[in-house]
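One structure below.
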Amino acid sequence: MTTTMWSFLFFLLIFLVIGFSSILVRRKTNTDYLVAGRNLPPSLVGLSAVATNNSGYMFIGVIGFTYTTGLSAIWLMVGWILGDLLASQFVHRRLRVNAEQHSSLTFPEILSSWYGQNHVVLRRVAALIAVVFLGTYAAAQFNAGGKALHVLFDWDLRTGAIIGAVMVLFYCFSGGLRASVWTDAAQSVVMITAMVIMVTVVVANQGGIGETWTKLNHVSATHMNWFPEDLAFGLLGPALFVMGWLFAGIGVIGQPHIMIRFMALDNAQHFQRARLYYYLWFTAFYFLANAVGLISRLIIPEANFDAELALPTLAQDLLPPLAAGLVLAGLFAATISTADSLILSCSAALARDLPPERWHNYVLTRASTLIVIVLALTIALSGNKNVFELVIDSWAVLGAASGPLLIVLVLGGRPPQWLAVAMVVTGPAVIYLWSLVPGSGTIYALMPGMLAGWLVYGIGVLILRNQEGASSKGQGTRKQ
């Protein structure tokens, strides 16, 4: 075997050991398995939330998207981070407090019991959506891992996906969420260091920042344009394009695998520290991913190249074999630890939110984990979409399903169950319909999906007020 292969296997083993070591503090309870006993320090919450938010999407999807589209991809970063920051001002702390008050272990559970009620139908509808699209999201991570090993060893893409699925099972059964969080923190440090090194090496080889910028402007006529050329809606196109990605950031509040980390924070009073770690790390990650995607066009010709393989290809071309193996092990571990988080949230919905309460137990939760892994692997092996598309589609549906309702609940709204269910199903339906609209690619589908959810809530409130008014009039007439 080559030095790079030995290096990859060695460092991958280290990541596995980090995750497996969580078994030393494991407790065989659903609380420990799903939310790490609600005992995670702010640093791990912040780093892990960033890592699981991005990983395969960032290192494979965003870098590949930037390689293909050029500088205009930066608006994903700007909109995504600002939208995320805006939503966090209202949601994250209250989510943590509410989860502890009602002993909620899953995202659908907290939506259905926010004010102490028990909206069973809402919980099951939200859980069904979570199972389907978290599973698809996990498939994207298996797909990303497969691509990384394809570049490293020239293995069939399916081989990497299968290895990834086995590793996820290993992570989940060893320590649940805690295993994922510990591995997230380790691989995120490795990956951010690797991207800094690669950007520095390329810029130095190209003659410095100024010379690199000049060469980037000569890649193509559109590579360094601030906005895509094919935007619809005329002069409003650029503004709507950015606004769509702002909603993508707001949509983080509908992502169970990310929000569960804030639910697992050791103390709600530590929230500001967790946010500081989160946003500093998030900004650095996204900026470096965009930079790697841009400059990779100077090293790798566009012809006959899968853009989503840019990072592993650069690692092999620019770094010594030992360092390349470390980067590729970190990339593979990143995708797998995120898949682990997705699988855990998905299996939690399958085991705790869909069946009757009398079936809730630790054994069923672990069995559901195995079922979900098999389903996600099947999607990865049979799907024909790339990582970016799988993540973007799943993110939109999950954000539009739960995000509008969560905002309403946080701001004090108390929709009855029928209205909450209508909000949850309307967002995903609008996302599908939006894909059929000409020029819909200008605006990320999550924006119309979330706006539709709030529109349904507004209409529902008007209906309820009219009913109350009619009831009051009827009572007044009978008194007369």
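Quick notes on this structure:
- In summary, the convex hull built on the alpha carbon positions of the stretch 30-163 has an orientation-averaged projected area of 10.6 nm².
- Between Met224 and Ile197, the FRET efficiency estimated from the beta carbon spacing at R0 = 25 angstrom works out to 0.60.
- Cα centroid separation, the stretch 1-67 to the stretch 217-283: 21 Å.
- Expressed as a whole percent, the proportion of Cα-Cα pairs in the stretch 215-262 lying more than 11 Å apart is 74%.
- Distance cut-off 21 Å, percentage of C-alpha pairs in the stretch 285-434 lying past it: 64 percent
- Test item: Cα-centred dipole of the stretch 3-389, Lys/Arg +1 and Asp/Glu -1 on Cβ, debye: 1240 debye
- Computed log₁₀ I(q)/I(0) - Debye formula, equal Cα scatterers, no solvent, the stretch 31-87, q 0.18, 0.21 Å⁻¹: -0.76, -0.90
- The listed peptides 364-370, 256-262, ordered by packing as a protection proxy, come out as 256-262, 364-370 (highest mean of other Cβ atoms within 10 Å first).
- Reciprocal mean inverse distance between Cα atoms of the stretch 128-271 - Kirkwood radius, Å: 19.7 Å
- The modelled label-to-label distance for the pair Glu100/Ala204, using points 7 Å beyond Cα in the direction of Cβ, is 4.7 nm.
- Computed over the stretch 3-389: relative contact order in percent, which uses C-alpha pairs under 8 Å that are six or more apart: 42 percent
- Inter-label distance, Val78 to Asn118: 5.0 nm, where each label sits 7 Å from its Cα along the C-beta direction.
- Each 5 Å bin from zero holds the following percent of Cα-Cα pairs in the stretch 1-107: 2, 8, 11, 17, 16, 14, 14, 10, 5, 2, 0.
- Dipole of the chain, positive direction: furthest Cα of Thr3, Gly145, Pro321, with charges on the beta-carbon: Gly145
- Hydrodynamic radius by Kirkwood, which averages 1/r over all alpha carbon pairs of the chain, in angstrom: 22.8 Å
- Cut-off 17 Å, label 7 Å out along Cα→Cβ of Leu9, residues of the stretch 159-185 by amide N: 160, 163-164, 167
- Placing +1 on the Cβ of every Lys and Arg and -1 on the Cβ of every Asp and Glu, with no other charges, gives the stretch 336-427 a dipole of roughly 200 debye about its Cα centre.
- Extension gain, Ser21-Ile299: 0.36 nm per intervening residue step, less the Cα-Cα distance, totals 96.1 nm.
- Using every pair of distinct Cα positions in the stretch 277-364, the Kirkwood expression returns a hydrodynamic radius of 16.3 angstrom.
- Here the simple spin-label model places points 7 Å from the Cα toward Cβ, and for Glu211 and Leu86 these points are separated by 4.2 nm.
- Chain lengthening between Trp155 and Val189 when straightened (0.36 nm per residue, less Cα-Cα): 9.6 nm
- Net length gained if the chain between Leu455 and Arg273 were fully extended (0.36 nm per residue, minus Cα distance): 62.1 nm
The numbers here are math on the coordinates, done by the rules we state, and not lab data. These figures come from a predicted structure and were not determined experimentally. For neighbour counting, all protein chains shown are included, and Cβ atoms are generated from backbone atoms with ideal geometry for every residue, glycine included.
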